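Throughout, read-outs are computed from the coordinates displayed, never taken from laboratory work. Predicted model, so just to flag it, every value in this text is computed and none were measured. Positions of Cβ are backbone-derived with ideal geometry, glycine not excepted, and every protein chain shown enters the neighbour counts.
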Amino acid sequence: MKRSMVIFLSLIVGSAWAAAAGPTDPQIAAIVVTANQVDIDAGKLAKSKSKSKQVQDFAQLMITDHTGVNKAASDLVTKLKVTPEPNDTSKSLQKGGDDNLANLKTLDGAALDKAYVDHEVAYHEAVISAMDKTLIPSAQNAELKALLVKVRPAFDAHLAHAKALQASLAK
Amino acid sequence: MPNKASLLGRTAVRTLGLLCLCALLSAAAKVPAKTVTIEAMKFEPQSLTVHVGEQVSWVNKDPFPHTVNAPDSLDSKEIAPGAVWVYRARKAGDIKYHCTLHPTMTGELTIR
């Protein structure tokens, strides 16, 4: 797993949050919005550079679905009058996302496709683990918790799709 | 030459017939379509049975689009978040369908 994933997971799972009260709802909101945006940005880059229809279609799905989740999250925090609060985890996510983009920009062809999809597998595994271990259990507002629970299956489906694509690219 | 009484009688019968027809049509229009809710990456109910001629509505309650697709029978195109796709069951049979965007999502429509 990439270093940025390890950092993200350790911040979420092994940090003081795991032992204590966990992130607050404004912090969770910032983490969710950042996590979605990171995947949207990676999807846009991959879709624009990849020559593989399978990879382009997957990237478009990431753009569409994560944009939808972000809209739902943004609508909810607006309704709840919650202001997303940047925190170490959301910043680490953003850094990891920026590093991934910088790496993808140096690649083309099969190397680009592999790097993008490999990262998507690791990324979705990390996000699902963070949702299960910290974000969902820590969410205080019932609607925020319900939204996280509702969208979690989408991340599962994305992971399954990314793994199938990863296997296909390895052939 | 028909007299006034028989004219009135025929008018009354026709009016009554029209009222009965309106009542029947109104009752038929109020029968709700069967509904499949698309939420949290699932079709609920996953299996649905309807009769030929009945309507089925798929309601997308997820924050991203889905489709309802089965070769040669169901093709909803993209159903946007909050949108509804309505299908009238045409002929008897079992239709296994899926979401083309999220292939792990499957459902079954049985038409009797």
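The sole residue among A:A164, A:A115, A:A139, A:A154 that is surrounded by 17 or more Cβ atoms within 10 Å (Cβ to Cβ) and within 13 Å of chain B (Cβ to nearest Cβ) is A:A154.
Here B:P103 clears all of (1) surrounded by 14 or more Cβ atoms within 10 Å (Cβ to Cβ); (2) at the interface with another protein chain (Cβ under 10 Å from one of its Cβ atoms) except the condition numbered (1). Residues of the stretch B:64-96 that are touching a residue at least 40 places away in the same chain (Cβ under 8 Å) and closer than 18 Å to B:P45 by Cβ: B:I79, B:V86. Among the residues of the stretch A:60-71, not a single one is more than 14 Å from every other protein chain (Cβ to nearest Cβ), surrounded by fewer than 17 Cβ atoms within 10 Å (Cβ to Cβ) and either within 19 Å of B:L101 (Cα to Cα) or in contact with an Asp or Glu (Cβ under 8 Å, 6 or more places away or on another chain) (or both). I'm checking my understanding of the structure. Among residues of the stretch B:49-97 that are among the acidic types (D, E), part of a loop (DSSP other than H, G, I, E, B) and surrounded by 14 or more Cβ atoms within 10 Å (Cβ to Cβ), which one is nearest to the other protein chains (Cβ to nearest Cβ)? Of everything passing the filter in the stretch B:49-97, B:D62 is nearest to the other protein chains (Cβ to nearest Cβ).
Checking the structure you have, find out if any residue of the stretch A:73-85 is more than 14 Å from every other protein chain (Cβ to nearest Cβ), surrounded by fewer than 18 Cβ atoms within 10 Å (Cβ to Cβ) and touching a Lys or Arg at 6+ places or on another chain (Cβ under 9 Å). No; the residues of the stretch A:73-85 include none that is more than 14 Å from every other protein chain (Cβ to nearest Cβ), surrounded by fewer than 18 Cβ atoms within 10 Å (Cβ to Cβ) and touching a Lys or Arg at 6+ places or on another chain (Cβ under 9 Å).
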